[in-house]
Amino acid sequence: MVFAVMSALLRHASYLTSYQASFFRFTIGLAILGSMALFGKIKLEFSQHLILFSRGFFGGIGVFLFFFSIQKIGLGEGTVLSYTFPVFGTIASAIYLKEKVNLKQWLLIFLSFFGIYLISHQGEGWLFRISLYHWVALLGALSSGIAVVFIKKARSTNSAYTIYLSQCLVGFWLVILPASLEPLNIRLGGGLILVAIGLCSAVAQLMMTHAYGYLSVSAGSTISMLVPVFNLLLGVLLFRESFSLKIALGATLVIVSCSLMLKAQETPTPP
């Protein structure tokens, strides 16, 4: 639910660029984790440095493109498309980790892509009529799916806090320059919203990390698929976003198939 609040705040703050929102997201994450480590609440140790960097690189791109997609195509559609990362994570795991993908998983992948098509298809006709911003959202999902593979590789020797820190740290360096080049003409209210976006993101991630101590990864990941459901509702109720029968059917196919895929395969959720 906190992830949904963060997304709604970002959708509301249309005067912010995706670079600025991402910068605050990563900076506040670094500040919170650093403070917890300083006071001995968590212990940060690093191994598999290249794997951690790769997780941070692809995860950072995924976060930025998630924010960008929400601002360009709306809260509901942007979130649903971004949360197709299990599809790309499963395919990337089959290629990089040599994990076997069974017939059921391939069927779920096909259903997910059909749902993506229903959400993204623009205008008349059938083929390749998907807008540029929908492709960008899918690129973000692909980046997050690749990040999942590196999470799985890093998790054997690194804590969840260390892995999250790697995303915040690499993401910080990815966006600091473009974020600083954009003028930020906001008052106190806008600044508070920026801080709230970063805090919600960090708090939601830490809550999820804590919950995984009591839940299986599949159960926790399946629960996380409620985020696009909440965001679809918030998009319609708060921002009057369109919600046609075709979009509803496509979103249902994506959410259900990704949930089943996460339940079938112990796949971590990228923050």
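Some observations on this one:
- Number of residues in region 29-63 that are crowded, with 24+ Cβ neighbours inside 10 Å and under 21 Å from residue 195 (Cα atoms): the value is 5.
- Number of the condition not met by residue 50 [criteria: (1) in a helix (DSSP H, G or I); (2) in contact with a Leu (Cβ under 9 Å, 6 or more places away or on another chain)]: (2)
- Residues of region 59-81 that are hydroxyl-bearing (Ser, Thr, Tyr) and at pLDDT below 90: 79 alone.
- Looking only at region 227-259, residues that are of a type in the set (A, V, I, L, M) and surrounded by fewer than 19 Cβ atoms within 10 Å (Cβ to Cβ) come to 9 in all.
The values are calculated or read from the model by the stated rules, or taken from the named source; none is laboratory data. Since this is a predicted model, take the numbers as computed values, not measurements. Methodologically, a virtual Cβ is constructed for each residue, glycine included, from the backbone with ideal geometry; neighbour enumeration extends over all protein chains shown.
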